[in-house]
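These notes are about the structure you will find just below.
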Amino acid sequence: MKKLIILRHAKSSWNDLNEIDIKRKLSNRGKKQLPEIGDFIKKNIAYPDIFITSPAKRAKKTASAIADYIDFDRARIINDIRVYEGDITIFKKILSEISDSFEVVYLCGHNPGLSEVVKEITRKNDIDIPTGGVYEIELDIISWKNEVTNKGRIINTFFPSKKEQSPVE
């Protein structure tokens, strides 16, 4: 069994409408979400073997903050431009490139791509990950090279804007 932790970046700022998307920062609300997200992950989610993030400023800040909360070395976070605008085909490619020595993979990025990943892996069509949302998915695979479609089961979620967590049965 492998585990995939999907983390959508915390709430971003729209203060400067002239700023290019990849450089958008976290909003004050997003910065306030980080301790809540970090605390939940530290207490409830498996520790990562590998942490991959979009290089967008808001995603990198989210990934770095979470790494700090769980004592994961920031220098080990992998920035992958494909995560920035990735669709399900790209995310499957990224997962297939992961070494089988890694059991727990964290993936920090954006919608709609991340919601597509959860839908594809879990067969649940009502997924729309809010900012700062976390999905812990257990995958019925032994290798990251295996097909992941319909192979996952959501075992935990967290949504900071709703201040709720729910182990999923």
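Against the list (1) modelled with pLDDT of 95 or more; (2) of a type in the set (Gly, Ala, Ser); (3) surrounded by 22 or more Cβ atoms within 10 Å (Cβ to Cβ), the condition Gly30 fails is (1).
Residues of the stretch 42-60 that are in contact with a helix residue (DSSP H, G or I) (Cβ under 8 Å, 6 or more places away or on another chain), over 11 Å from Gly132 (Cβ atoms) and assigned to a helix (DSSP H, G or I): Lys42, Lys57, Ala59.
Of the residues contained in the stretch 86-103, one or more are found to be surrounded by fewer than 16 Cβ atoms within 10 Å (Cβ to Cβ), without any contact (Cβ under 8 Å) to a residue 12 or more places away in the chain and either within 24 Å of Arg24 (Cα to Cα) or out of contact with any helix residue (DSSP H, G or I) (no Cβ under 9 Å at 6 or more places or on another chain) (or both).
Each row is one residue, and each column tells you yes or no for (1) modelled with pLDDT under 95; (2) over 21 Å from Pro112 (Cβ atoms); (3) touching a Ser or Thr at 6+ places or on another chain (Cβ under 7 Å); (4) buried (at least 21 other Cβ atoms within 10 Å of the Cβ).
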{"residue": "Asn18", "(1), (2), (3), (4)": "yes, yes, no, no"}
{"residue": "Pro35", "(1), (2), (3), (4)": "no, yes, no, no"}
{"residue": "Asp39", "(1), (2), (3), (4)": "no, yes, no, no"}
{"residue": "Lys42", "(1), (2), (3), (4)": "no, yes, no, no"}
{"residue": "Tyr47", "(1), (2), (3), (4)": "no, yes, no, no"}
{"residue": "Ile50", "(1), (2), (3), (4)": "no, yes, no, no"}
{"residue": "Pro55", "(1), (2), (3), (4)": "no, no, no, no"}
{"residue": "Ala59", "(1), (2), (3), (4)": "no, no, yes, yes"}
{"residue": "Ser64", "(1), (2), (3), (4)": "no, yes, no, no"}
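The values are calculated or read from the model by the stated rules, or taken from the named source; none is laboratory data. Just so you know, these numbers come straight off a predicted model, no measurement behind them. Counting neighbours? That spans all protein chains shown, and the Cβs are built from the backbone with ideal geometry, glycine included.
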